[in-house]
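What follows is one structure encoded as structure tokens, with my remarks underneath.
The values are calculated or read from the model by the stated rules, or taken from the named source; none is laboratory data. For clarity, every value in this text was computed on a predicted model and none was experimentally measured. Here the Cβ positions follow ideal geometry from the backbone for every residue, glycine too, while neighbour counts run over all protein chains shown. When the accessible area is computed, the model is the full protein with side chains, heavy atoms only, and any ligands, DNA or RNA have been set aside. Shrake-Rupley method; radii C 1.70, N 1.55, O 1.52, S 1.80 Å.
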Amino acid sequence: METVVKALYNASFTIWNTLMELAMTLFSTSPVTAAGGSPYGTVHSLYNSISAATIPIATCFFVIAIYKSVITSPPEQQAQRFLMDSVRYCIILFVAAHLWEILGYIIEFSDGITAGIGTASGYRLSMGGDLERIIHEALELPEFELSGEWIGKLFEALGCAALLLIGGVILVLVMVASCLSIISSAFQRILKPLIIMPFAGIAVAMGAGGHEIGRSMFQFLKTFFGFCISGAMMVVIIKTGCTLCTNLISAGLEGNSDIENCIMMTVQASITPIVISGLVKGTDSVISRML
């Protein structure tokens, strides 16, 4: 029985380690080089098609900004507002002319941060001394003796065996579901910057419309940078989560019964991937608050 239980737990950790190795590769994959660069080339073609509308849109918003300045500003401030709008318009045109290169620099900078964090280790889970010891002690049958205490220990061992078997099966399913969720987030981390890049010119062009409308340009650049840097945060979440969750409950196991220890360690092992996958899915919201 002990061999079967350990095999289930080891299988769940092997699933995690194998799929997390794939996820770590996706976290460190640049949107520029993903799939041999084919998606990036497609996005560049779409960007070139849409960027033709950048200058007309910027000009329209520039005219709107001038009209607002004339209507809302006192006569002595109209010349100053007109000059500020003109300078903003020139900056928008300059940024639009070099926008693709700017986005490339942002991707390159974000890739450097992700590479600096490193993805080689720190994400692996294993049985560990506490879990292996508890399984061995919980499933160890008491020496036969005709007494009520022996019957109680026997039933406790059988109860632990059933609990650990059920927990092992649940743990395998939890690992598979959590890993698939994390891998899905890793794929989205590559796709999200590519999806919004063709529309970068429109977002920048709206910046010529004045202060209020100009926020769209900075909001777009912040969102784009957040998507690019999300891979680094996902790596931090996984590494920190694995370190914390595998040692969080272990210190409080002394003095508990075998059944209590089995429940606590099984819950701990199951919570680890659930918590990590939930945090990885919420990376975008964390980054948006940070930026």
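The sole residue among SER73, SER45, SER49, SER38 that is surrounded by fewer than 17 Cβ atoms within 10 Å (Cβ to Cβ) and modelled with pLDDT under 85 is SER73. Could you list all residues from the range 191-242 that are over 23 Å from the mean Cα position of the chain (by Cα) and free of Cβ contacts under 8 Å to residues at least 60 places away in the same chain? ALA203, HIS211, GLU212, ARG215, SER216 - these are the residues of the range 191-242 that are over 23 Å from the mean Cα position of the chain (by Cα) and free of Cβ contacts under 8 Å to residues at least 60 places away in the same chain. With the condition kept exactly as written, say whether any residue in the range 6-29 is among the small types (Gly, Ala, Ser) and within 25 Å of MET217 (Cβ to Cβ). There is no residue in the range 6-29 that is among the small types (Gly, Ala, Ser) and within 25 Å of MET217 (Cβ to Cβ). Can you say whether GLY112 is surrounded by fewer than 17 Cβ atoms within 10 Å (Cβ to Cβ), without any contact (Cβ under 8 Å) to a residue 40 or more places away in the chain and closer than 21 Å to LYS222 by Cα, as far as the supplied structure shows? Yes: the conditions hold for GLY112.
Residue-by-condition table, conditions (1) free of Cβ contacts under 8 Å to residues at least 24 places away in the same chain; (2) out of contact with any Gly (no Cβ under 7 Å at 6 or more places or on another chain):
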{"residue": "LEU8", "(1), (2)": "no, no"}
{"residue": "PHE13", "(1), (2)": "no, yes"}
{"residue": "TRP16", "(1), (2)": "no, yes"}
{"residue": "SER30", "(1), (2)": "no, yes"}
{"residue": "THR33", "(1), (2)": "yes, yes"}
{"residue": "GLY36", "(1), (2)": "yes, yes"}
{"residue": "HIS44", "(1), (2)": "no, yes"}
{"residue": "ILE55", "(1), (2)": "no, yes"}
{"residue": "VAL63", "(1), (2)": "yes, yes"}
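Checking LEU99, LEU93, LEU8 one by one, the residue that is of a type in the set (A, V, I, L, M) and either closer than 30 Å to ALA177 by Cα or touching a Ser or Thr at 6+ places or on another chain (Cβ under 7 Å) (or both) is LEU8 and no other.
Looking at the range 190-291, the helices (runs of 4 or more DSSP H) lying wholly inside it that each contain 1 or more residues that are at pLDDT 80 or above and more than 29 Å from LEU22 (Cα to Cα) sit at 200-205, 211-245. Return yes when SER12 is open to solvent by less than 60 Å² (accessible area, probe 1.4 Å), in a loop (DSSP other than H, G, I, E, B) and not aromatic (Phe, Trp, Tyr) and no when it is not. Spelling it out, it is not the case that SER12 is open to solvent by less than 60 Å² (accessible area, probe 1.4 Å), in a loop (DSSP other than H, G, I, E, B) and not aromatic (Phe, Trp, Tyr).
Whenever a residue of the range 69-86 is in a helix (DSSP H, G or I), its partners that are of a type in the set (Asp, Glu), lying with C-beta atoms within less than 9 angstrom and at least six residues away or across chains, give the pairs SER69/ASP85.
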